[in-house]
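Readers should treat all values here as calculations from the given coordinates under stated rules, not as data from a laboratory. This structure is a prediction, so every number in the text was calculated from the model and none was measured. Cβ coordinates were reconstructed from backbone atoms using ideal geometry, including for glycine residues, and neighbour counts include every protein chain displayed.
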Amino acid sequence: MQPLVDSRWLAQQLSAADLVVCDATWYLPLERRDAHAEYLAAHIPAARFFDIDTIADEVATLPHMVPGAARFEALIGALGISNTSRIVFYDQSGLSSAPRAWWLMRLFGHADCAVLDGGLPQWRRDGGAIERTAAGSPPPRAAQFRAELNARMLRGLGDMRENLRSKCELVLDSRS
């Protein structure tokens, strides 16, 4: 599975039993938009809502910090995603927050995932079907997901400071 798929590919694969489509829309607070409400109003058929605010560390003081493996496993499993699932993420803006969900899956060892090029706007332009879901609809059938954290994909504050320090040294050395 390529990391970026188009609407045509998704339309051809949409009925595959192992494919899970997730709306991973997240809006900045100043946008004053409700991603979940917009998902309920219009989404790709059978898509599930991947809530970036929920699939995060619930104790961290900063938003959207990476959750622990056990929390990630439970939340991903509740979406009906297993280790054998192929996953396509999209968002309602085109290409904004879906890569975050893609990255989280890769971080926890699941490489069989992609982002829909152009997201929901492109899907609609290409004539893709749209579905509405009533609030309170039953959740998808849970699955078992086992995470394998790839810690090399994470960087902490110390790593970022070291990166900046080394880049500044390169710039200063090049000016000598």
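Residues of region 56-81 with the amide nitrogen closer than 19 Å to a label point 7 Å from the Cα of S96, along Cα-to-Cβ, please. Counting backbone N atoms under 19 Å from the label point, the list is 63-65. Take every Cα pair under 8 Å whose residues are at least 6 apart in sequence, average their separation, divide by the length of region 1-68, and the relative contact order is 25 percent.
May I ask you to work out the translational diffusion coefficient for the chain at 25 °C, viscosity 0.890 mPa s, via Stokes-Einstein with Rh from the Kirkwood sum over Cα pairs, reported in whole µm²/s?
140
Fully extending the segment from A134 to R32 would add 34.6 nm, taking 0.36 nm per residue of separation and subtracting the current Cα-Cα distance. Each label was represented as a point 7 Å from its Cα along the Cα-to-Cβ direction; for Q12 and H64 these points are 3.3 nm apart. Note on the chain: GNM, Cα springs under 10 Å; of N150, N163, N83, the largest mean-square fluctuation is that of N163. Among DSSP beta bridges lying fully in the chain, give the percent that are antiparallel, nearest 5. Restricted to the chain, the bridges split so that about 10 percent are antiparallel.
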